């Protein structure tokens, strides 16, 4: 297992276009998280899944954002009608919940630039 | 709502100097605490974690952190830094109530001069 994989690593798009990011977690991990990170800030929570169920969504996740994890394995994060303010690094992390302990393993991120 | 404060945004040290990075959190319940590190060009990696037990936890590369519950703090320390410790350090907290939503601080950018 090579860890958490994210694709694409970089995406440049024009304002108004739709973009989709994919995350492949560590195979035995049942939880999957999406975070957003902008320059000078820490990762901001967007949403997370336990298996295929989306358990929590941040208020940061406007109706233009949607995330899915259809079979409890990989996940996609789609941003519709992108805006310049969406430019950020989108981070995926996964974890295996064990006895109340939960340690996130992060992917390298997908950097979005909206022109 | 939970929050995490990291007071030092940029720290510059010479090699062999001692390091202490502050982290305070705001949450009334039982928490798990973490320090993550992001080396230049790399992804976030776990440095150390506190779940329960001994409040002084040791992590990789000689780092340690002390959980002081009364002060809501989880400061990161290293007695002697190396040039290779140049990185950004993030403190994070998650509650143990079942949501397991990590809240991160804004990070501290450490530069170690050779």
### Message
For the condition part of a strand (DSSP E or B) and over 13 Å from the mean Cα position of the chain (by Cα), what is the one hit in B:33, B:76, B:13, B:46?
### Response
B:13
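Looking at segment B:50-59, is at least one residue more than 22 Å from residue A:43 (Cβ to Cβ), at pLDDT below 90 and either within 14 Å of chain A (Cβ to nearest Cβ) or assigned to a strand (DSSP E or B) (or both)?
First, pick out the residues of segment B:50-59 that are more than 22 Å from residue A:43 (Cβ to Cβ): B:52-56, B:58.
Among the residues that remain, those that are also at pLDDT below 90 are: B:52.
Imposing the further condition that a residue be either within 14 Å of chain A (Cβ to nearest Cβ) or assigned to a strand (DSSP E or B) (or both) reduces the set to B:52.
Checked segment B:50-59: at least one residue is more than 22 Å from residue A:43 (Cβ to Cβ), at pLDDT below 90 and either within 14 Å of chain A (Cβ to nearest Cβ) or assigned to a strand (DSSP E or B) (or both).
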### Message
Criterion first (assigned to a strand (DSSP E or B), within 13 Å of the chain's Cα centre (by Cα), touching a residue at least 60 places away in the same chain (Cβ under 8 Å) and within 11 Å of chain B (Cβ to nearest Cβ)) does residue A:33 satisfy it?
### Response
yes
### Query
Out of the residues in segment A:90-104 that are surrounded by fewer than 19 Cβ atoms within 10 Å (Cβ to Cβ) and in a strand (DSSP E or B), which is nearest to the other protein chains (Cβ to nearest Cβ)?
A:101
### Task
Please work out which residue is surrounded by the fewest Cβ atoms within 10 Å (Cβ to Cβ), limiting yourself to segment B:79-100 and to residues that are touching a residue at least 60 places away in the same chain (Cβ under 8 Å) and facing chain A (nearest Cβ under 9 Å).
B:96
### Task
Might you check whether a residue that is surrounded by 14 or more Cβ atoms within 10 Å (Cβ to Cβ), touching a residue at least 60 places away in the same chain (Cβ under 8 Å) and within 14 Å of chain B (Cβ to nearest Cβ) occurs anywhere in segment A:72-88?
no
### Task
Among the residues of segment B:1-37, count how many are surrounded by 19 or more Cβ atoms within 10 Å (Cβ to Cβ), under 19 Å from residue A:103 (Cα atoms) and at the interface with chain A (Cβ under 10 Å from one of its Cβ atoms).
4
### Query
Assuming residue B:66 fulfils every condition listed in (1) farther than 24 Å from residue A:109 by Cβ; (2) within 14 Å of the chain's Cα centre (by Cα); (3) more than 14 Å from every other protein chain (Cβ to nearest Cβ); (4) exposed (fewer than 14 other Cβ atoms within 10 Å of the Cβ) apart from one, which condition is it?
(4)
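The values are calculated or read from the model by the stated rules, or taken from the named source; none is laboratory data. Because the structure is predicted, anything quoted here is derived from the model rather than measured. When we count neighbours, we look across all protein chains shown, and the Cβ atoms used for this are built from the backbone with ideal geometry, even at glycine.
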